[in-house]
1. Taking all protein chains as present, what is the carbon and sulfur share of the accessible area of region 9-145, in % to the nearest whole number, probe 1.4 Å?
2. Around I512, under 11 Å between beta carbons, what's the net of Lys plus Arg minus Asp minus Glu among the other residues?
3. Run the numbers on region 394-474 and let me know its relative contact order in percent, using alpha-carbon pairs under 8 Å that are six or more apart.
4. Calculate, in nm to one decimal, what Y133 and Q59 gain on full extension: separation in residues at 0.36 nm each, minus their alpha carbon distance.
5. Can you list residues whose amide H is under 5 Å from A368's amide H, if they're 5+ apart or on another chain and H is modeled 1.01 Å from N?
6. If you build the convex hull over the alpha carbons only and average its shadow over all orientations, what do you get for region 1-95? Give it in nm² to one decimal.
7. Regarding region 278-346, what are the three Cα extents along the principal axes, ordered largest first, in Å?
8. Counting Lys +1, Arg +1, Asp -1, Glu -1, what net charge surrounds G461 among other residues with beta carbon under 9 Å of its beta carbon?
Amino acid sequence: MVVLAASIITKSGKPLVSRQFVDMSRIRIEGYLAAFPKLVGTGKQHTFVETENVRYVYQPIESLYLLLVTNKQSNILEDLETLRLLSKLVPEYSYTLDEEGICKTAFELIFAFDEAISLGHKENVTVTQVKQYCEMESHEERLQILLRKKQIEETNQLMKQKASQIDKSKIEKTRSGGFVPSSGFGSSDSSISSGGGGGFANPGFGISSDVDSFSTKPKGASRPSASATAPPKGSGMKLGKSQKTNQFLESLKAEGENIVEDVRPTVGQSRAAAPLPTDPITFTIEEKLNATLKKDGGISSFDVQGTLSLQLLSEDDGQIQVEVETNPSVAFKTHPNINKELFNKENILAPKDASRAFPVNQPGNGLALLKWRKQSSDESLVPLTINCWPSVSGNETYVNIEYEAFSQFDLQNVVISVPLPTLRDGQGPSVRQIDGDWRYDSRNYVLEWSIDLIDDSNRSGCMEFVVPPADPSVFFPMSVRFTATSTFGGLKVVNILPQRGGPAPKYSQRTILSTENYQVV
């Protein structure tokens, strides 16, 4: 009283999938399956056929047959119940009930048949249970993965702290070696401020103490000669010694950790990361945009943070005043050692102490002189909106995505990342129409829609693609990346005023708006 085999065959008798549950040779089962189409009569209502040795219990599924081969002593009612269960499982794993669809999901169907039938007897399971057993999801496994991930994060955080401690110890050793930090912005040593004047002591504006350690001495400052006071051993070439620390940081980067923001780079590292400025004075106006848009319209959050940074190449250009043009609707905050009263009255950035100069060769974009922040719930400020319209039709899901860009900004290097359902056999989505280019990330199941430039010629665009049936929530959250040369703050550097008089030095300014976290949820 057992099921000998469960098979899916064509109406001509060609076997597509066959799972045997008893010891049986291939020739024997192929003979049974080849003989079946000849035994099926036309116009008959029954769903079984008997021969001298076996019984065939079958059910048509479109152009195919789902077939059970049993012995004649089996309970036909149980066989019909088994057949009914298998007929529900087949559409769950094969999106198209034809020869191509069955062959593509052959192994999934065999695994499902094994969960439904054991040693020829039907298991007391439902379709949902069979799918769960095949997926082999485990709550304990998920907990273990989360625990391991947390341990890795804690270890990486500890490594970052250790790297920061090593950098600080190197700085202290450098200072103890007899190097005198230069006066001006970034010097926090009280003994220096008494002799050569104080400077900016707030480390929050990105003034690295590494730069203090290797600055040139102030003009007129006395320094002991090398013969009178010899530096301790090993303190003469600190740059070479710091390479050990850099090797440790590089090992952290090799493990996938981004430590640039947590560990301050040295001067040499920052120059390698960014192109060297060509003008003696360079201003960088940079804004970071964080926004969360709702898929049905409206915004959940909108936050812009901006910074005006100054990079000098020569100490001769340090004693300057910077005249800027600001937006009255934006609140600006100056560096603590900037003359705030002068800025509020005349929009001029200058040190509180007119005898002090701005520092030179600062890491990254330079010294941050001015900061601002803009938060709003006004949807009209959003530079790029995304609308997604998924619709299921038969065995396919048609997805239409449309973007609309704000006329104030020309957006560059736009990338819209759309998550997709799990696609079988590495097949990507079928893109029917697109304004721009697309790329499918088969590892993460993400479709990337890229547009090089959005200006007045293409303020709106659309993309249409087709995937297998999927829930509309699968396509969210979408992530968006872009840059622009216009900012929300509207800040501009309009002039440079030398404090010692004479012609204004040459300068350049770079303006950039970039997304930090821009999503549609």
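The values are calculated or read from the model by the stated rules, or taken from the named source; none is laboratory data. Here the structure is a predicted model, which means the values were calculated and not measured. As a convention, Cβ positions derive from the backbone with ideal geometry for all residues, glycine included, and neighbour counts pool all protein chains shown. These accessible areas exclude ligands, DNA and RNA; they are computed on the full protein's heavy atoms, side chains included. Shrake-Rupley method; radii C 1.70, N 1.55, O 1.52, S 1.80 Å.
1. The nonpolar share, carbon plus sulfur, comes to 51 percent.
2. That sum, taken over residues with Cβ under 11 Å, equals 0.
3. Details: 143 pairs, mean separation 39.3, N = 81.
That works out to 48 percent.
4. 24.1 nm is the gain from fully extending Y133 to Q59.
5. Here L310 satisfy the definition.
6. Seen from a random direction, the Cα hull of region 1-95 projects 6.1 nm² on average.
7. Cα extents, longest axis first: 56, 32, 20 Å.
8. Neighbourhood net charge equals -2.
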